[in-house]
């Protein structure tokens, strides 16, 4: 399967790509299927069934709200986050859902949206939607939210549905193949990725699309630096980014701002800002997931802030190079916390950020591969155990730590020549195997680890 940079980086809303963005897309896709088959006007009832991790932590990740909004015809890249609360409140008060924005049906959340204590075999994040009319069942479809906002319809599994095939000039499924292609064609990783993107769209469209993603990342950081208060969900977690920003601005003397320690504080700040916005349900970019969305923006902001010669071309190259590693992680392991733990989310994002930074700093492809390998290797075994099923503790701080780790990985790799002991391919396979061995309590179910260590007083 050919994966575009725009598959990995998608504009959406918080708090979770697999539990919010994916389910909203699935529900909206279901509505579109009804419309295409001219069934929308005949629907009198819709039932949503959530399974596995979507059921276990769905309420904390706003899966229930996402499904309802998708049924209303909303998409995560278009919806105004500020309208979500009022629209859900109206539905709960009236018991009326406007399906696809046009068909009015009765909807009782307790009756029609079910959290089931069972899992479907293909993936832990599963949901089934049924639409019925006066003559019975009209349409039933099962969707899997497989991480990063990607959804798979049950009919697609095992080749049951046709998929669009795109011929890439430089197809690769391993880091070894990627390095060989770069060497054979004398290309940087970002150049190879741009050539592949041209199989989908014009270069001007690629560049404008990537700069639009960067604009949303910047806006997300700005919102995180200005918004204060308590994050929703009941844990009473305080936002810290705005206060930290004021503190760093007060210390903005040349001898302080130029120090390594201060630079790392800015990296922490950018990551905290993004993930606090994500936890609050704000607009952001899956990178490659929501739970790990602060790492890549933080490292890119770091580069743009502390390099006076940084420009838009660097943004484009950074995101393209980062996507190359994201593609490898998705193809050969997973970017889903519900499937392999947080190593698949934060670990993948850390490796992607390292690849992006290495590319814009002039790393050779082997040095870039080494940087990504270091970053991912030191996230192996990372569990996904969110307290209260919320993307807050330990997720927000975890992004800040991983952003700094990505920068350190690049610094280490650039001191070498690209030769190293364990390849990125081996580390990705290890992430896959570790995820398979990991107990389900540590895969976004909030049934183990920190999630149960927290005692509410």
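Listing for the model above:
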quantity	calculated
Test: residue in region 421-431 that is modelled with pLDDT under 95 and out of contact with any strand residue (DSSP E or B) (no Cβ under 7 Å at 6 or more places or on another chain)	yes
So residue 168, is it part of a strand (DSSP E or B) and touching a residue at least 40 places away in the same chain (Cβ under 8 Å)	no
Odd one out for residue 130, checked against (1) touching a residue at least 60 places away in the same chain (Cβ under 8 Å); (2) under 21 Å from the mean Cα position of the chain (by Cα)	(2)
Residue 227 vs. criteria buried (at least 18 other Cβ atoms within 10 Å of the Cβ) and within 30 Å of residue 452 (Cα to Cα)	no
Unique match (being under 21 Å from the mean Cα position of the chain (by Cα), in the same structural domain as residue 230 (by TED's automatic domain parsing) and more than 21 Å from residue 286 (Cα to Cα)) among 448, 381	381
Residue match in region 337-351 (condition: crowded, with 24+ Cβ neighbours inside 10 Å, over 30 Å from residue 441 (Cα atoms) and in contact with a helix residue (DSSP H, G or I) (Cβ under 8 Å, 6 or more places away or on another chain))	no
Subset of region 225-252 (residues that are within 12 Å of residue 272 (Cβ to Cβ), outside any helix (DSSP H, G or I) and out of contact with any helix residue (DSSP H, G or I) (no Cβ under 7 Å at 6 or more places or on another chain))	237, 238
Tally, over region 1-39, of residues that are more than 28 Å from residue 294 (Cα to Cα), surrounded by fewer than 21 Cβ atoms within 10 Å (Cβ to Cβ) and touching a helix residue (DSSP H, G or I) at 6+ places or on another chain (Cβ under 9 Å)	1
Among (1) outside any helix (DSSP H, G or I); (2) surrounded by 13 or more Cβ atoms within 10 Å (Cβ to Cβ) - the single one residue 210 does not satisfy	(1)
Residue count, region 293-315 (criterion: crowded, with 24+ Cβ neighbours inside 10 Å and within 20 Å of residue 369 (Cβ to Cβ))	4
Residue in region 40-52 that is surrounded by fewer than 18 Cβ atoms within 10 Å (Cβ to Cβ), free of Cβ contacts under 8 Å to residues at least 60 places away in the same chain and assigned to a helix (DSSP H, G or I) present	no
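The values are calculated or read from the model by the stated rules, or taken from the named source; none is laboratory data. This one's a predicted model, so the numbers in the text were calculated from it and none came from an experiment. Cβ atoms come from the backbone with ideal geometry, glycine included; neighbour counts cover every protein chain shown.
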